[in-house]
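Read the structure below first, then the notes.
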Amino acid sequence: MTLFAIFIILVFLHSLVSERLEKTIITAPIVFTTAGMAAFIFLPEFRDREHSLDTFLSVAELGLVMLLFADASKTDLNVLKNIRNLPVRLLSAGMLMTIFLGGLCALGVFPGLSIWEAGILGAILAPTDAGLGQIIVNSPRVPMKIRQALNVEAGLNDGLSVPFLLFFISLAEFSSLGPEKSLIRFIIEQLGFGVLFGIGIGLTGGWLMGLSHRRKWMGHSWSQLGVVALALLSAAASEPFGASMFIAAFVAGLSVQVGYKEVGKHSVDFTEEWGQLLNLSVFFIFGFLVARVGGDFKWTHLFYGILSLTVVRMSPVAIALMGTGLSRTSVLFMGWFGPRGLASIVLGLIYLEQTHHTGDASIRLAVMATVMLSIFAHGLSAVPGIELYARKVKSLPKDAPEHET
């Protein structure tokens, strides 16, 4: 029996009890990550096989491409026009401070890292995971304003983290190799070409799908497949030219809205169904890989993971939300529920791919430790956290910002 067969059986078994599990503190990422770890521990035949990191990278990259495209395509850009909006605060000042503080803590915990390598670690762990935080954003007991802020933040910060990551990787290579071509090539190929491919494919594909939709040429089921094809096309077209497929997918998702307003609905349909399957497969293989390198973890990796989920995340959120009038309970709630998951896993793999799998082990293990801690800490605390927060919100005055729609 292969790992793929075990995963498919697990998907079937989980589907049988999924509704009951949704009412408990046991989340799907917890189940599949634990199952991946158990597969390594209790099935010795897999330990001696070389499970290619490239295969895992391909699955994870596909999942992130779809996630970035879907998040961008369903994002109402009007939400981002007002700097007073909570998502804008979290995505601007909050995110920049998170990357800076994450890198600063990395220099303190791992003295062997260069300043650019510390920036790499900060960028990898900056984005939050919409999937791990799904129970929060879907709970009617959490004020709509808070849910929307966390949802928009998680939907956009993974795409915004990619340029920072690639920039720090380029600077790390530039500082070690010396030639200026490295930095110039990064700016032109990764950022410039990625944006151009994204705009071109998004505008063209959106215009064609919008035209077909208005003339009733396109069937409902095929419209969803057409959206998926655009996301994959943006990634496939950009890769041969050295452009970032993630930047291209994100920009394409924003651009396609110009010609096809209904794209967001079809993106949601896909990510809630097939996209979920891709995400769970990433968590399953992630658990397997964590168990395989379990002996390499040191206290410093776990300590950094704790810092990343608390000080590095919660301090910038508190600063970014100053002046909003939100209660301390709300600020604490939003600061804590910034889980790290799929995006950080894939960004970590991008780092390994860019460095030909020779990247600093401290970065790799710190990312794995942080995501593992987040999967369990945020998953287990979600239901009781919502209950406690809901009671606190009820006691707030009626004119409190939390009650605004």
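The values are calculated or read from the model by the stated rules, or taken from the named source; none is laboratory data. None of the values given here were measured: they were computed from a predicted structure. With ideal geometry, Cβ positions are generated from the backbone for all residues, glycine too; neighbour counts draw on all protein chains shown.
When you look at V317, is it over 17 Å from the mean Cα position of the chain (by Cα), of a type outside the set (S, T, Y), more than 23 Å from A126 (Cα to Cα) and surrounded by 18 or more Cβ atoms within 10 Å (Cβ to Cβ), yes or no? I'd like the intermediate steps shown before the answer.
Values: over 17 Å from the mean Cα position of the chain (by Cα): yes; of a type outside the set (S, T, Y): yes; more than 23 Å from A126 (Cα to Cα): no; surrounded by 18 or more Cβ atoms within 10 Å (Cβ to Cβ): yes.
So V317 fails the test.
If I filter segment 239-268 down to residues being among the small types (G, A, S) and at pLDDT 80 or above, which single residue comes out as surrounded by the fewest Cβ atoms within 10 Å (Cβ to Cβ)? Reasoning before the result, please.
Looking only at segment 239-268, we keep the residues that are among the small types (G, A, S), and these are 242-244, 248-249, 252-253, 255, 259, 264, 267.
Next, only the ones that are at pLDDT 80 or above stay: 248-249, 252-253, 255, 259.
Values: A248: 33, A249: 34, A252: 33, G253: 31, S255: 25, G259: 18.
That would be G259.
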Note to self: With at pLDDT 75 or above, buried (at least 18 other Cβ atoms within 10 Å of the Cβ) and either under 22 Å from the mean Cα position of the chain (by Cα) or on the phi < 0 side of the Ramachandran plot (or both) as the only criterion, which of F7, F56 stands out?
What the structure shows: F7
Next item on the list: Take the residues in segment 162-173 that are surrounded by 18 or more Cβ atoms within 10 Å (Cβ to Cβ) and modelled with pLDDT under 85, then tell me which one is nearest to L67 (Cα to Cα).
Entry: V162
Next item on the list: Check segment 59-66 and report whether any residue there is modelled with pLDDT of 70 or more and more than 22 Å from I169 (Cβ to Cβ).
Entry: yes
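Given the structure, is L156 outside any helix (DSSP H, G or I) and within 17 Å of the chain's Cα centre (by Cα)?
Numbers: outside any helix (DSSP H, G or I): no; within 17 Å of the chain's Cα centre (by Cα): yes.
Considered against the rule, which asks whether it is outside any helix (DSSP H, G or I) and within 17 Å of the chain's Cα centre (by Cα), L156 comes out as no.
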Item checked: Matching residues, segment 361-405, being small (G, A, S), surrounded by fewer than 16 Cβ atoms within 10 Å (Cβ to Cβ) and within 22 Å of R340 (Cβ to Cβ) -> A361, S381
Notebook entry, point to check: Considering only helices (runs of 4 or more DSSP H) fully contained in segment 86-143, which possess at least 3 residues that are touching a residue at least 24 places away in the same chain (Cβ under 8 Å) and either farther than 20 Å from L365 by Cβ or within 17 Å of the chain's Cα centre (by Cα) (or both)?
Noted result: 86-89, 95-109, 115-124
Note to self: Considering only segment 98-116, I want to know if a residue exists there that is crowded, with 18+ Cβ neighbours inside 10 Å, modelled with pLDDT of 80 or more, under 18 Å from L321 (Cβ atoms) and hydrophobic (A, V, I, L, M, F, W, C).
What the structure shows: yes
Check: What is the number of the single condition among (1) part of a helix (DSSP H, G or I); (2) in contact with a Pro (Cβ under 9 Å, 6 or more places away or on another chain); (3) surrounded by fewer than 24 Cβ atoms within 10 Å (Cβ to Cβ) that T324 does not meet?
Finding: (1)
Check: Just for segment 269-313: of the residues that are modelled with pLDDT of 90 or more and part of a loop (DSSP other than H, G, I, E, B), which one is farthest from V65 (Cα to Cα)?
Finding: K298
Check: Would you call L326 among the aliphatic types (A, V, I, L, M), in contact with an Asp or Glu (Cβ under 7 Å, 6 or more places away or on another chain) and at pLDDT 85 or above?
Finding: yes
Note to self: With at pLDDT below 90, exposed (fewer than 15 other Cβ atoms within 10 Å of the Cβ) and either part of a helix (DSSP H, G or I) or more than 24 Å from the chain's Cα centre (by Cα) (or both) as the only criterion, which of D48, D71 stands out?
What the structure shows: D48
